[in-house]
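The values are calculated or read from the model by the stated rules, or taken from the named source; none is laboratory data. All values derive from a computational prediction rather than experimental measurement. Note that each Cβ is placed from the backbone with ideal geometry, even for glycine, and that neighbours are counted across all protein chains shown.
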Ligand SMILES: NC(=O)c1ccc[n+]([C@@H]2O[C@H](COP(=O)([O-])OP(=O)(O)OC[C@H]3O[C@@H](n4cnc5c(N)ncnc54)[C@H](O)[C@@H]3O)[C@@H](O)[C@H]2O)c1
């Protein structure tokens, strides 16, 4: 899909969840891929399937020397690396700022020097904050509610400013709640879908922060990979200097999600409610109009199919499903009060 098959690509954060899927697809398409990652949240095991086909550089993007080595001879940079967690950023705002803003600046500086053609930046729907407007269009004023969201907005705006100043071609993609295989449920900062699957697998209640009626636009990871490839190969005058949402364009409540997980897994889904977390937003839904218009993005994998594929992976990676209470699909959820 990139302009030239065999382009040299750099995936920052390629040992992470989204970065490893993007890396695999680029290899499949015949591109030369270098990954740079400091393994702060990622794991080399995520790249096991392509280890022999890529160049792996372990290093921190806050280090200018690492950035220079990473971008040498590269046509397109997919800047995926970040510390991607709201609660973590509230606990350690400097950590988020370094990984998400300072590292982005160092990388951009190196890209300009090395004459990289284009940077595709992984941004986040969290930049919108709790604006009541739905769906979120890119012209809605960003109102970040956490240091994480602020750092993603800063990184995104640097990429776009460099592009508008003619220093580089740059496009930013605001992802909405991405999920899929290899997303870890084990971190204290794990996303909701892997945590729900893990809870169901272990036969214990899934933790829901708040009343469970909050909604999200859950996006299967292959759709995000598609968007990256489209944004990397679209004509310069269409995409450079622009930000676009990448979601599924459908919103689902957390309780609705648990119900779908019950159906997909055939296992009992129970939840326990805890008080809402600071920094979390109430509702989220992407307008996809701009992404479709600028680079022809359409989500190819719907939520239920994405959940099925993710469950296949979860179940096949679990040591055993023995002892997990199976049940007939579509029995109502057991809900507990906070
Ligand atoms: N997962 C989602 O739902 C979601 C939603 C919106 C935006 N995003 C964005 O997508 C990107 C990827 O998210 P993910 O879920 O795959 O997270 P992840 O934690 O699995 O991947 C991030 C990767 O970046 C690496 N990294 C972090 N700081 C680094 C540094 N200073 N130098 C080198 N490597 C570094 C980590 O080791 C990790 O491998 C992030 O930019 C995140 O903000 C994710």
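Summary of values
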| quantity | calculated |
| --- | --- |
| Selection count where residues are within 11 Å of the ligand (Cβ to nearest atom) and in contact with a helix residue (DSSP H, G or I) (Cβ under 9 Å, 6 or more places away or on another chain), scope the range 102-117 | 4 |
| Flag for residue 70 being part of a loop (DSSP other than H, G, I, E, B) and within 11 Å of the ligand (Cβ to nearest atom) | no |
| Helices (runs of 4 or more DSSP H) wholly inside the range 168-256 that include at least 2 residues being farther than 30 Å from residue 295 by Cα | 192-202 |
| Some residue of the range 238-247 being farther than 24 Å from residue 143 by Cα and surrounded by fewer than 17 Cβ atoms within 10 Å (Cβ to Cβ) | yes |
| The range 162-186 - residue that is out of contact with any helix residue (DSSP H, G or I) (no Cβ under 6 Å at 6 or more places or on another chain) and over 16 Å from residue 18 (Cβ atoms) and, of those, farthest from the ligand (Cβ to nearest atom) | 166 |
| Filter pass, residue 144 being part of a loop (DSSP other than H, G, I, E, B) and more than 16 Å from the ligand (Cβ to nearest atom) | no |
| Filtered residue count, the range 75-97, keeping only those that are assigned to a loop (DSSP other than H, G, I, E, B) and either touching a strand residue (DSSP E or B) at 6+ places or on another chain (Cβ under 6 Å) or at pLDDT below 95 (or both) | 5 |
| Residue identified as within 12 Å of the ligand (Cβ to nearest atom), touching a strand residue (DSSP E or B) at 6+ places or on another chain (Cβ under 7 Å) and more than 22 Å from residue 14 (Cα to Cα) among 127, 159, 120 | 127 |
| Cβ pairs under 7 Å, 6+ apart, first in the range 90-103 and more than 16 Å from residue 39 (Cβ to Cβ), second within 9 Å of the ligand (Cβ to nearest atom) and part of a helix (DSSP H, G or I) | 96/148; 96/151; 97/151; 100/151; 100/152; 100/155; 101/151; 101/155 |
| Options 192, 208, 225, 140; residue that is touching a strand residue (DSSP E or B) at 6+ places or on another chain (Cβ under 7 Å) and either within 23 Å of residue 11 (Cβ to Cβ) or in contact (Cβ under 8 Å) with a residue 12 or more places away in the chain (or both) | 208 |
| Failed item in (1) outside any strand (DSSP E or B); (2) surrounded by fewer than 16 Cβ atoms within 10 Å (Cβ to Cβ), with residue 55 passing the rest | (1) |
| Qualifying positions in the range 28-52 - more than 14 Å from the ligand (Cβ to nearest atom) and part of a loop (DSSP other than H, G, I, E, B) | 29, 30, 31 |
| Selection within the range 23-41 - more than 20 Å from residue 227 (Cβ to Cβ) and touching a helix residue (DSSP H, G or I) at 6+ places or on another chain (Cβ under 8 Å) | 34, 36, 37, 40 |
